[in-house]
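S.K.: Take a look at the following structure, please.
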């Protein structure tokens, strides 16, 4: 009887100890802790959701089209009909701001997901396989990280050509995967040596199963944090390229392009370039706050580094 | 230490070769014939063939790459298709403008960043701390063109205190330097604050306090020396990123630097010029990273004495 009860007592003690150390936290409970402790992160999340909803439901929120011109009301100051005024072609500034959010959020989120997946897979393979595979993947990553990102983005836009610049989101994954791969590789290297991986190895579990079922889930918290912190970079990069005239082309609209076209009227109508700039700043700031908050609860080790 | 530095220098050679190869290959996968693009579509095939041969584009790709890499090692990046001048010559003219802008921006970033970081750490959780850290976060989150336009609007247009654009004289660099350095100042301030706070927790700081040293003396003579180590590395890294990140600032303020040259190369589909500007800037970034590593090894005795 004693022999039967002792393992359960041991398990309970270990669980209690783990709970005390905070090791038993699931991602869900950590996010709950974030929501109750970090109000700034919650407000940031609300701002992001609000802007995303406004972008999605833009056609319902405004009576104007984003390319709808009315030269009779060009360069109007803010009024009841046009809350943020109109641009040089008589297009409603607020409408363009709402539609522009679609580009910024899409370019921020979609390529970042692709770069996360690419970086995670390559990082896992490099860290787990080691040897030549690791050397080749990491040296390619070093080359990518050596490039000034904006210049590399410009080269990729050049390759895509003027006709394909609507595929703006394509440039980012080529650059960002390298940083993700480095983080995932370093985590894989340490996880590879852990006892549970050793145990899985010893009972003959396939390598791919070990990588994706046992190691990958442990990298997810860091990936969530990296995802949130990489989005602002992608948004700033898109807006910079559109500002330089190499990104989204007229009559399309993006916040960077709006800031650039509004620059001509900076002295007479500063709102035209400042409104989209403030919008970029708000979204970037919100993602930064959210990323910081998530890092605190999901990846305290990364925070300490 | 010298062995470590030599090893680090050797490690950069394959990276440089990889960067050169990647740029070369990327700019050659563009569909269509470069000669046709340059001459227009309504030119006879004979002329297109002649130009293709003149540009050396009829040779095998590996021959083109080897010629390019040996040329680049000697500083010969070819001739600009559009401007019909040697790329080396164009880079030599543009580089001083970019260096001046980057150095001025670095001065702004370091002065504001380090000062704000120190005050924020000393007054931890006080009004100054929240104020400076709020500004640093704004600095990190604001696009460069936004800072540039705000400064242009208030300082150049409203107050008419400084020139709106151009690169003539010291005064014309003030607004571009603040615009470019603003973002880096934010990062430096955050790094200085966290590093100084960490150093102030060390035992030797308590020892200095126990010996009767004043607060200012402890911070300036004891804490800052160690706290600024990671900041110095970050500063070295920032120089290269400022040099490479000046693209937008140079375009807004019409400064004829390397960034503007790269944007012009893209607009004119000028492959040799684009290749030259990107490779040149990347080499500078790699050199900056190398310098940061070496500087850290020289400044930190733990790394200096490691075998």
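Here, each number is a calculation from the coordinates, and none is a lab measurement. All figures in this text were calculated on a predicted structure; none of them were measured in a lab. Quick reminder, even Gly has a Cβ in these numbers, built from the backbone with ideal geometry, and neighbours come from all protein chains shown.
S.K.: Stokes-Einstein D for the protein assembly as shown at 25 °C, 0.890 mPa s, Kirkwood Rh over Cα pairs, in µm²/s?
M.R.: 91 µm²/s
S.K.: Starting with the highest mean, order B:146-156, A:53-63, B:5-15 by the number of other Cβ atoms within 10 Å, averaged over the residues of each peptide.
M.R.: Output ranking for B:146-156, A:53-63, B:5-15: B:146-156, A:53-63, B:5-15.
S.K.: Expressed as cubic angstrom per residue, what is the convex hull volume of the alpha carbon set of the stretch B:2-73?
M.R.: 88 Å³
S.K.: For residue A:49 and residue B:130, what does the FRET efficiency come to when R0 = 22 Å and r is the distance between their Cβ atoms, rounded to the nearest 0.05?
M.R.: That pair, residue A:49 with residue B:130, gives E of 0.25.
S.K.: For A:245-253, what's the mean count of beta carbons from other chains sitting within 10 Å of each residue's beta carbon?
M.R.: 1
S.K.: Counting only other chains, what is the mean number of Cβ atoms within 10 angstrom of the Cβ of each residue in peptide A:268-274?
M.R.: 2
S.K.: Take the alpha-carbon centre of the stretch B:75-134, take the same for the stretch A:78-148, and report the distance between them in whole Å.
M.R.: Centre-to-centre (Cα) distance: 24 Å.
S.K.: Let me ask another. Using 0.36 nm per residue, how much length does the chain from residue B:92 to residue B:232 gain when fully extended, once their Cα-Cα distance is taken away?
M.R.: So the extension gain works out to 47.6 nm.
S.K.: A further question on this structure: What relative contact order, as a whole-number percentage, does chain B give when Cα pairs under 8 Å and 6 or more residues apart are counted?
M.R.: Relative contact order here is 25 percent.
S.K.: Under a plain spin-label model, where a point goes 7 Å from the Cα along Cα-to-Cβ, how far apart in nm are residue B:5 and residue B:66?
M.R.: 3.6 nm
S.K.: Another one. In vacuum, with every alpha carbon of the stretch B:82-181 counted as one equal point scatterer, what does the Debye formula give for log10 I(q)/I(0) at q = 0.22, 0.25 Å⁻¹? Two decimals, please.
M.R.: -1.13, -1.22
S.K.: If you rank A:32, A:82, A:214 by fewest surrounding Cβ atoms within 10 Å, what's the result?
M.R.: The fewest-first ordering by Cβ neighbours comes to A:32, A:214, A:82.
S.K.: Going by Cα centres, the stretch A:210-276 and the stretch B:276-291 are how many Å apart?
M.R.: Spelled out, the Cα-based centre of one part sits 25 Å from the other.
S.K.: Any chance you could check the Cα centroid distance between the stretch B:148-205 and the stretch A:41-70 for me, in angstrom?
M.R.: Result: 33 Å between the Cα centres.
S.K.: Add -39500 (n - 2.57) for each DSSP H run of 4 or more in chain B, then divide by its residues: what number comes out at 222 nm, to the nearest 500 deg cm²/dmol?
M.R.: So the calculated ellipticity at 222 nm is -23500 deg cm²/dmol.
S.K.: Give me the angle, in degrees from 0 to 90, between the Cα long axis of helix B:271-299 and the longest principal axis of the Cα atoms of chain B, rounded to the nearest 10.
M.R.: 30 degrees
S.K.: Continuing with this model, one more query. Can you compute the modelled spin-label distance between residue B:300 and residue B:154, with each label point 7 Å from Cα toward Cβ, in nm?
M.R.: My value for the distance between the label points is 3.8 nm.
S.K.: Highest mean first, how do A:201-209, A:244-252 rank when packing is the count of other Cβ atoms within 10 Å averaged over residues?
M.R.: My ranking of the peptides, most packed first, is A:244-252, A:201-209.
S.K.: Taking the Cβ-Cβ separation of residue A:282 and residue A:199 as r and a Förster radius of 45 Å, what is the calculated FRET efficiency to the nearest 0.05?
M.R.: Once rounded, the FRET efficiency stands at 0.40.
S.K.: Let me ask another. Can you order the peptides A:64-75, B:81-92, A:275-286 by their average number of other Cβ atoms within 10 Å per residue, highest first?
M.R.: A:275-286, B:81-92, A:64-75
S.K.: Now for a different question. For an R0 of 45 angstrom, estimate the FRET efficiency from the Cβ-Cβ distance between residue B:39 and residue A:70 and round to the nearest 0.05.
M.R.: Calculated value: 0.60.
S.K.: Here is a follow-up. Restricted to Cα positions, what overall size does the stretch B:87-306 have along the principal axes? Three whole-Å values, descending.
M.R.: Between the extreme Cα coordinates on each principal axis of the stretch B:87-306 lie 66, 49, 27 Å.
S.K.: Using only atoms on other chains, find how many Cβ atoms lie within 10 Å of each Cβ of peptide B:144-154 and report the average.
M.R.: Across the residues of B:144-154, the mean count of other-chain Cβ atoms within 10 Å is 5.
S.K.: Shifting gears a bit: Quickly work out the residue B:211-to-residue B:49 label distance, labels modelled 7 Å from Cα along the C-beta direction, and quote it in nm with one decimal.
M.R.: It is 8.5 nm.
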